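A short worksheet on the structure shown next.
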Amino acid sequence: MSYTRLYYHIVTATYRRYPLITPRVEPMLYAALRAKTEAVDGRPVRIGGIADHVHMVVALPPTLSVAQFARAAKSGSCYHVRQAMGADAFRWQSGYGAFTVSPRHMKPLLDYVACQKEHHATNRLWKRCEAILEP
């Protein structure tokens, strides 16, 4: 039996950074992202974001590439939102950013992801995590 502890910080934005993650969309989008993560035998650790992007901290199995996960999570969550709200309700950008996470950096990262709205409102951003999202 193998043992792995593979955590990733994945960031992706809405199409053209439009503010598509409204208060109505956010709960169903985050639920769909959690469900897709679990469906591929991953573990959603934390999801947070603002109107135009999402940060996810996930644990993934070693048999699943980050690209496979990102594709499944983005397409599945988009499909879920569109089914509930209409074909024009939501769309992701084509890319994403992904970072591996060291266990010793987990706590500050989880706090950062959980407080996205506050960090953006006060401009207390981790530039490295936010810069990759430019359209």
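Details
- Residue match in region 54-75 (condition: part of a helix (DSSP H, G or I), crowded, with 20+ Cβ neighbours inside 10 Å and charged (D, E, K, R)): yes
- Matching residues, region 97-112, being aromatic (F, W, Y) and over 23 Å from R71 (Cα atoms): Y112
- Test: residue in region 20-35 that is at negative phi, in contact (Cβ under 8 Å) with a residue 60 or more places away in the chain and out of contact with any Ser or Thr (no Cβ under 8 Å at 6 or more places or on another chain): yes
- Residue in region 84-102 that is in contact (Cβ under 8 Å) with a residue 12 or more places away in the chain, assigned to a helix (DSSP H, G or I) and either loosely packed, with under 12 Cβ neighbours inside 10 Å or in contact with a strand residue (DSSP E or B) (Cβ under 7 Å, 6 or more places away or on another chain) (or both) present: no
Every read-out reported here was derived from the displayed coordinates using simple, explicitly stated rules and does not represent laboratory data. Small disclaimer: the values here were computed from a predicted structure and weren't measured. Note that we place each Cβ from the backbone using ideal geometry, even for glycine, and neighbour counts take in every protein chain shown.
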